Amino acid sequence: MPHKFLLIGKSGLLGSSFAKALNHKELVALDSSQLDITNWENVVRVVHEVKPDVIINCAGYNQVDAAEAVLELGKCNAVNVLGPENLAKAAQANDAILVQFSSDYVFDGRNVEGYNEESTQFGPESNYAKSKLAGEKAVIANANKFYIIRLSWLFGLGGQNFVTTMLKIVDEKANLTVVDDQFGKPTFTVDAVAATLGLIADGAEFGNYHLVNEGVTSWYDFAKKIFALSAKNASVSAVSSDKFQRPAKRPTNSALLNTKRPTLRHWESALAEYLNSLS
Ligand SMILES: NC(=O)c1ccc[n+]([C@@H]2O[C@H](COP(=O)([O-])OP(=O)(O)OC[C@H]3O[C@@H](n4cnc5c(N)ncnc54)[C@H](OP(=O)(O)O)[C@@H]3O)[C@@H](O)[C@H]2O)c1
């Protein structure tokens with residue numbers, strides 16, 4: 001049973017949920033000012049000093065649209081590819097388990113059935129998505145003891161997310177338009193964290209996992225549910241993605257299928273709990 005955890009990216013959306021869930025364990029939790037995962041010497045020194053059983057990497061470059069700019073691409077690849085590679089090498093050298101998070105965006109988005117953990121229907125369409133897939137490959141190439149956990153459409157305390165964005169703009173705009181032709185599984189950080197810690201505690205086989213809440217929806221229906229549950233009287237119109245151009249292309253259908261671990265609850269029930277915690 002692993003007992004010492006090194007948490008990286010502790011201040012982010014996912015990292016702050018891990019910090020809360022692990023506060024009764026032996027934990028060293030760091031932000032980017034304390035550990036820059038793109039700096040090999042920094043990574044080696046910290047991992048060697050801490051001697052963790054498990055390294056949980058919540059650091060990431062997640063500005064999907066900004067990453068399409070040539071000037072940002074180097075930073076995106078440094079954090080999402082070189083960083084996991086450094087951590088995988090350091091984990092391997094210290095016999096630690098590495099937990100790396102990846103994204104539904106690594107898939108091609110054309111499979112309406114969704115994607116299981118072993119699917120090879122990759123087709124990343126944005127620089128961010130390409131960097132996440134390359135990060136997965138860097139971990140597989142450099143470590144034996146790893147969990148690659150793909151997540152999607154995260155919401156939770158500790159950072160800006162689709163829910164907080166919707167709740168903010170509904171007070172600023174009379175009419176909202178939200179795309180209704182992209183489908184995925186909204187996932188509460190609290191549930192993803194609990195499922196990840198369960199996986200580690202069980203000593204599950206190393207490999208790929210999809211730890212997402214159940215239920216597939218569109219961004220439009222997700223937005224409508226947010227307003228319904230928070231009793232906001234919002235005027236929301238559906239729009240197709242070709243009418244809502246953004247720099248980075250998103251997959252049409254990125255539903256992740258969890259076929260290896262206990263099912264997480266439906267996203268609507270998780271959303272209700274999250275909204276309650278905001279009020
Ligand atoms: N958000 C989603 O919807 C979503 C969906 C699928 C997968 N994921 C994956 O889940 C993971 C966590 O995402 P998130 O949404 O929690 O991200 P986030 O809120 O943007 O947090 C990312 C964290 O990474 C840290 N970081 C950035 N560069 C770093 C560096 N060079 N060294 C060390 N730390 C660095 C940041 O620290 P500072 O703030 O101190 O710079 C920040 O705390 C990522 O792997 C992401 O790809 C997220």
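A short reminder: the numbers here are calculations on the coordinates, not readings from a lab. What you see is a predicted model; the values in this text were computed from it and never measured. When we count neighbours, we look across all protein chains shown, and the Cβ atoms used for this are built from the backbone with ideal geometry, even at glycine.
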What FRET efficiency comes out for Asn39 versus Phe122 if R0 is 30 angstrom and r is the Cβ-Cβ distance? Round to the nearest 0.05. 0.55
What number in nm² do you get for the chain if you take the convex hull of its Cα atoms and divide its surface by four? 14.2
With the Cα gyration tensor of the stretch 139-179 in hand, give its eigenvalues times 5 under a square root as the equivalent ellipsoid semi-axes, listed largest first in whole angstrom. 37, 11, 6
Taking Cα atoms only, helix 189-201 is inclined relative to the longest principal axis of the chain by an angle, in degrees rounded to 10, of 30
For the chain, longest principal axis from Cα atoms; helix 219-229 axis from its Cα atoms; angle between them, nearest 10 degrees, is 80
Calculate how many DSSP beta bridges within the chain are antiparallel, expressed in % of all such bridges and rounded to the nearest 5. 10
Note down the nm distance, to one decimal, between modelled labels 7 Å out along Cα→Cβ at Glu49 and at Lys20. 2.9
Label the stretch 213-279 by shape, choosing from rounded, prolate and oblate, from the square roots a ≥ b ≥ c of the eigenvalues of the Cα gyration tensor; if a/c is under 1.5 it is rounded, and otherwise prolate applies when a/b is larger than b/c, oblate when it is not. oblate
Relative contact order for the stretch 30-160: what percent, with Cα pairs under 8 Å and sequence separation of 6 or more? 29
Potential lengthening between Arg246 and Ala93 on full extension [0.36 nm per residue; Cα-Cα distance subtracted]: 50.9 nm
Tally of Lys pairs whose C-alpha atoms are under 30 Å apart, taken over the stretch 76-190, 8 or more apart or cross-chain: 14
Summing -39500 (n - 2.57) over the DSSP H runs of n ≥ 4 in the chain and dividing by its residue number, what mean residue ellipticity at 222 nm do you reach, to the nearest 500 deg cm²/dmol? -10500 deg cm²/dmol
With just the Cα atoms defining each centre, how far is the stretch 18-69 from the stretch 157-195? Give it in Å. 25
Return Arg250, Arg110, Arg261, Arg150 ranked ascending by Cβ neighbour count within 10 Å, so the fewest neighbours appear first. Arg110, Arg261, Arg250, Arg150
